[in-house]
Amino acid sequence: MHLFISDLHLSAERSEANEKFFGFMEGKARGAAALYVLGDLFEVWVGDDELKEKFSGTVASSFAALTKSGTPLYLMHGNRDFLLGKRFCRATGATLLEDPTVVDIDGEPTLLMHGDTLCTDDLEYQAWRRKTRNRLLQAVFLATPLGGRRWISAKVREKSKELVAGKPAEIMDVNDGAVREAFRRHGVTRMIHGHTHRPGKHELEVDGRRRERWVLPDWYDPGGYLEITQGKASLVSY
């Protein structure tokens, strides 16, 4: 049984999502062949010194208990937590995956992504993404005291909410051409991603081959995950 989650947006203020997460970690995730977290585990992550905070440390301890129990843990950056780094991985026993990555799931090569790179119609967001992935800019940001980083991040989130409110919903979803190109480039028939908060299974034909794209649910209401057991995939909601 392989499990896939994304867009939990955990924070100390979101008690309902936190309860679901810790219950999931102590229950369903135990004994899984692997757990994949495909981005946006946290509402915001401004550097691995966040581990000093009680809530972040508790999440890390939960992951560490999972990996010590024998379940491999794989993390992928999202647009909220792209500064998760080596220190977090050492603390949790997690392996950080590149976005995108192809993995073998029960004999099926499967493309894993956070999903934001597929939203190519949102030109403003894509420009912001390229800027925030610049290693030099990241180094400058991480050299800023933790309090300063949090202040900057809060201002960015406020601005982001204003921008999102003024955008047509369709440009924040995946672009069909980008999806088809990803299937072609990686030569797979199954893709799993999050980011769009529009869970479901989408079937399409690319170059004469049937493909399937699974979109993971967020953990607002009700939350859920994708389970693949013996090659059969199913979305599970709380």
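Just so it is clear, none of the values below were taken in a lab; they were calculated from the coordinates. Owing to the predicted nature of the structure, the values given are computational and were not obtained by experimental measurement. Note that we place each Cβ from the backbone using ideal geometry, even for glycine, and neighbour counts take in every protein chain shown.
In a shell of Cβ-Cβ distance under 10 Å around W219, excluding W219 itself, what net charge do Lys and Arg (+1) and Asp and Glu (-1) give?
Its environment carries a net charge of -3.
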P(r) histogram, all alpha-carbon pairs of the chain included - 10 Å bins from 0, percent: 7, 32, 37, 21, 3, 0
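Starting with the highest mean, order 174-186, 31-43 by the number of other Cβ atoms within 10 Å, averaged over the residues of each peptide.
Working: 174-186: 15.8, 31-43: 21.9.
The packing order, highest mean first, is 31-43, 174-186.
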Could you point to the residue in M172, I105, T144 farthest towards the positive end of segment 2-237's charge dipole, with +1 and -1 charges on the Cβ of Lys/Arg and Asp/Glu respectively? T144
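Full-extension gain between V156 and S62, please, as 0.36 nm times their residue separation minus the C-alpha to C-alpha distance.
Numbers: separation 94, 0.36 × 94 = 33.84 nm, distance 2.91 nm.
The span from V156 to S62 would gain 30.9 nm if fully extended.
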List every DSSP H helix in the chain whose Cα atoms extend 15 Å or more along the helix's own long axis and whose mean Kyte-Doolittle hydropathy is at least 0.0. 54-68
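Provide the FRET efficiency to the nearest 0.05 for the K52-D221 pair, computing r from the beta carbons and using R0 = 22 Å.
Efficiency, from the Cβ-Cβ distance: 0.10.
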What residues have an amide H closer than 5 Å to that of T101, excluding those fewer than 5 places away on the same chain, when H is modeled at 1.01 Å from N in the peptide plane? L112
When we measure straight from the Cα of K155, which lysines land under 28 angstrom away, once same-chain ones fewer than 8 places off are left out? K52, K54, K86, K131, K167
Between beta-carbons, use under 13 Å as the cut-off and find the net charge around G208, counting Lys and Arg +1, Asp and Glu -1. +3
Lys and Arg at +1, Asp and Glu at -1: add these up for the other residues within a Cβ distance under 14 Å of A12 and post the number. -2
Modelled label-to-label distance, E205 and L163, 7 Å Cα→beta-carbon offset: nm? 3.9
